[in-house]
Structures are given as structure tokens and as C-alpha cells.
Amino acid sequence: MNPLVTYEAYHNLMEICLRSGNPVSHYIEGIKLYFVQESTAMGLFHLKKSAEGLYDSGTYLYAILMLQAGVELIVAGEKTD
């Protein structure tokens, strides 16, 4: 299997999934950007999209990162303490 062909196929499929708002693809992209490429802002953008799409793992990771950053979260209309 040619690595370049494999990468291109992955990249094209990921772009389609991201454009369609797939929360799992936003989760994967967020992890890649935040932890691997150290692009914090874009990583958080994708993780937030994942959380908004109600993907449990995305919601959990986004909340943990926000809490670690000191951001006050609101859960079901009430502030968390």
C-alpha cells in the first residue's frame, strides 16, 4: 500500500466529514491539532464542535481542558463550582 495514497484518501474523507459537521471527526481533528501539532486554538475549536455535536468523549475532553484553563462552565443553566 502506498503511504501517499493512503494519506490522501484519509485527508479527503476527513475533510468531507468535517464539512458535514461530524462530531467524531471534529474530535479526532481536535486531538490532532491540540496535542500533536500544538495548535491550541484550532484544537479547542474542533473539540468544542465535537461537544456541541453531543459526542460524549468530545464533551468530556473539552470540559476537562476548559476547566484546566480556568474557564467557568455552565451546566444546564447553572454555574459549576
#### Entry: Residue list for the range 1-47, filter: closer than 18 Å to T59 by Cα and among the acidic types (D, E)
E29
### Query
Taking the range 25-60 as the region of interest, how many residues are closer than 19 Å to Y10 by Cα and not in a helix (DSSP H, G or I)?
1
### Message
For M66, only one of the following conditions fails: (1) at pLDDT 95 or above; (2) under 14 Å from the mean Cα position of the chain (by Cα). What is its number?
### Response
(1)
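The values are calculated or read from the model by the stated rules, or taken from the named source; none is laboratory data. As the structure is a prediction and not an experimental result, all values here were calculated from the model.
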